[in-house]
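Everything on this sheet refers to the single structure shown next.
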Amino acid sequence: MFFIQLRDLFKSYGPVMALNGLNLEVPKGSLYGLLGPNGAGKSTALRIICTLLAPDSGYIEVGGRNVLLEEKETRRSLGYVAQEVAIDKILTGRELLQLQGDLYHLDKKYKKKRIEELIHRLDMHEWIDRRCGSFSGGMKRRLDLASGLLHEPELLILDEPTVGLDLESRSVIWGLLKELRNNKTTILLSSHYLEEVDELADEMAIIDKGKVIASGKPDDLKKDLGGDRVTLRVREFSDEVEAESVRKLIKNINGVSNVVVNQKQGYSLNFLVQSNDVISNLSGHLSKENFEVFALSHSRPSLDDVYLQATGKTLMDAELELAGKRDFKLENKKSMR
Amino acid sequence: MIATNPSLQNEKPSKNDLNEMLQETSALTWRLFIQLIRRPSTLFAGILQPLIWLLLFAALFSKAPIDFLPGGSSYGEFLGAGLIVFTAFSGALNAGLPLMFDREFGFLNRLLVAPLSSRSSIVISSVIYITSISLLQSFAIMATSALLGYGWPSLGGFLLIAITLLLLIFAITGLSLGLAFVLPGHIELIAIIFIANLPVLFASTALAPISFMPEWLGWIASINPLTFAIEPIRMAYQNSVDLNAVLIYAPYGEVNGYYCLAILLILTVGLFFLIRPLLNRKLA
């Protein structure tokens, strides 16, 4: 049973297409990760789900409700922790939680009880009565998470919850998310941290250029690659012609698959091998065509490999590429009410 | 147990829409008052500036010719009404600033993602807050003016002052909230406030009567909303509240007290209908 369903979602900011036919199905009670570089469309998708943005077209269902027709009921059922922590610097942490409780129409006693629970669970008691303006990034994020959880939502949406956080705050947040997942709260989390999605998510989708390019359980996605990941360089700085020649050579070797030239990393070659024997014999195959092994690394496949396999570039390279193309001023303007 | 539990949703007490709206509106209003209490400088500046004006301008024109002002009043008495209205006007013109900051810093999104009974609560809380502050500041000017010997209105006059100020505050607050949604950022809003504030004051009867102005300025003053608020308040200080009395001898004709209030009411209602679609669109 799916708690969230997105079908053919399109959204553009002027000339920039943020979502380009996004389809997503999030099982009820799961922790679902959205992985993709900054600018891939993750935040836009999350903002649409929590009714902050309207799509240009498409269908959105949350908890069996058509979000576009039942906005208020949808809002009642979800907690949203935005990427940019928006807190009132003048209020104390406790006052902010009280305000949040009133915005969700919580009963006075219940509100007080929930606030105390969350202060205890997120270890905020030492600073909760200080003004928010004096909080560190980690403290703000914990407070924001507490705000999102105050009304016990059925769905918790987190947009890059640990970006730029200290280790202690990240550990507290990860611990809480695991606890929530074990209690069958549906959690939708976006991140461009591979290890975060790998560690937390039951299922995940990789988003690139506004659409899902791969989805499933992280382990399954890695297994689907079919072997261990090898990165090979035949020279320190290779070129396109040479890399292509090597690609043609090694793609015909038995036990080698998914050969990709990584232009951003000096035209290195990334491929999968089914056994260690293939690696042992690699040097011999290369020397027949007068190539040498300049550098070779061998590892278990990671989500970055899944991303690389699907897009031909690593997540970091994709981020660098997108960062140059994004018009943050336009995006901010369009996302501001 | 911290984890969310869908079954607990049913245990939460349900409330009707009116109670929910009251809860969210009072919480949002209280937030604005907490900000004011912890950062009271804007409140004091809003009182201090007109007071300085009152002291300096009253002194500056204390030796003005006796027939300069209608009714033979002193300049301090004449100026009092203008500064009361100016205080309310300035306060209301700033109404959009907190909302603009909420837009810019993303706090508005926190409000919009909450299941508010009505998103009007966001606007209503701003109106309640600004109205309270503007009235407080205006009454502080009235009290100081009385201490300086420039008089105190009768009960009827006081009521007239309150009604007039409320109409003006509602109109200008609406305008400012509308601007807060239309303009791209607080710099632009502050620029408009800065540009509008003093010219609107000088182009009204706050500092001088229409008869003292050149014709072109007299025309502007005669259609300036501040003039329609100043003159009834000036009358309220004369201890004879008669709304049939002619209060403005404008180039286009005579305007009595009823017309002044009617024009303010039309302005308020007109601005409300003008900005309502905008607010609906922005908060939808």
Report task. Among the candidates B:Gly71, B:Gly82, single out the residue that is within 24 Å of B:Phe228 (Cβ to Cβ), at pLDDT below 80 and in a helix (DSSP H, G or I). Result -> B:Gly71
Query raised in the report: Do we find that A:Pro161 is within 21 Å of the chain's Cα centre (by Cα), assigned to a loop (DSSP other than H, G, I, E, B) and at the interface with chain B (Cβ under 10 Å from one of its Cβ atoms) in this structure?
Result: no
Report task. Quickly run through segment A:36-65 and pick out the residues that are assigned to a helix (DSSP H, G or I) and either more than 12 Å from chain B (Cβ to nearest Cβ) or over 13 Å from A:Ser190 (Cα atoms) (or both). Result -> A:Lys42, A:Thr44, A:Ala45, A:Ile48
Query raised in the report: Does segment B:32-55 hold any residues that are without any contact (Cβ under 8 Å) to a residue 12 or more places away in the chain and within 14 Å of chain A (Cβ to nearest Cβ), and which are they?
Result: B:Ile34, B:Ile37, B:Arg38, B:Arg39, B:Pro40, B:Ser41
Query raised in the report: How do the pairs read when you match residues in segment B:68-97 that are over 16 Å from B:Ala140 (Cα atoms) with residues anywhere that are crowded, with 20+ Cβ neighbours inside 10 Å and at pLDDT below 90, using Cβ under 6 Å and keeping only pairs 6 or more apart or on different chains?
Result: B:Leu69/B:Phe78; B:Tyr75/B:Ala58
Query - Restricting segment A:98-113 to residues that are more than 9 Å from chain B (Cβ to nearest Cβ) and either polar (S, T, N, Q) or out of contact with any helix residue (DSSP H, G or I) (no Cβ under 6 Å at 6 or more places or on another chain) (or both), the residue that is nearest to A:Leu177 (Cα to Cα) - result: A:Lys113
Report summary line: Note on segment A:259-308: residues within 26 Å of A:Glu196 (Cβ to Cβ), surrounded by 19 or more Cβ atoms within 10 Å (Cβ to Cβ) and in contact with an Asp or Glu (Cβ under 6 Å, 6 or more places away or on another chain) are A:Leu303
Report summary line: Taking segment B:183-221 and keeping residues within 14 Å of another protein chain (Cβ to nearest Cβ), touching a Leu at 6+ places or on another chain (Cβ under 7 Å) and part of a helix (DSSP H, G or I) leaves B:His186, B:Leu189
Query raised in the report: How many residues are under 16 Å from A:Glu152 (Cα atoms) and touching a residue at least 12 places away in the same chain (Cβ under 8 Å) when one looks only at segment A:114-139?
Result: 6
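Here's the yes/no breakdown for (1) of a type in the set (D, E, K, R); (2) surrounded by 21 or more Cβ atoms within 10 Å (Cβ to Cβ); (3) within 14 Å of chain A (Cβ to nearest Cβ); (4) closer than 18 Å to A:Ile90 by Cβ:
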| residue | (1), (2), (3), (4) |
| --- | --- |
| B:Phe68 | no, no, no, no |
| B:Ser73 | no, no, no, no |
| B:Ala81 | no, yes, no, no |
| B:Ala88 | no, yes, no, no |
| B:Ala95 | no, yes, no, yes |
| B:Met100 | no, yes, yes, yes |
| B:Leu108 | no, yes, yes, yes |
| B:Ala114 | no, yes, yes, no |
| B:Ser120 | no, no, yes, no |
Query raised in the report: Which condition number in (1) assigned to a helix (DSSP H, G or I); (2) farther than 22 Å from A:Thr51 by Cα is the one that A:Met124 fails?
Result: (1)
Query raised in the report: Scanning segment A:182-197 for residues that are crowded, with 20+ Cβ neighbours inside 10 Å and over 10 Å from the mean Cα position of the chain (by Cα), which turns out nearest to the other protein chains (Cβ to nearest Cβ)?
Result: A:Thr185
Report summary line: Within segment A:66-97, of all residues that are facing chain B (nearest Cβ under 7 Å) and not acidic (Asp, Glu), the one surrounded by the most Cβ atoms within 10 Å (Cβ to Cβ) is A:Tyr80
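The values are calculated or read from the model by the stated rules, or taken from the named source; none is laboratory data. Not measured: the values here are computed from a predicted model. Please note: Cβ atoms are built from the backbone with ideal geometry, for glycine as well, and neighbour counts cover all protein chains shown.
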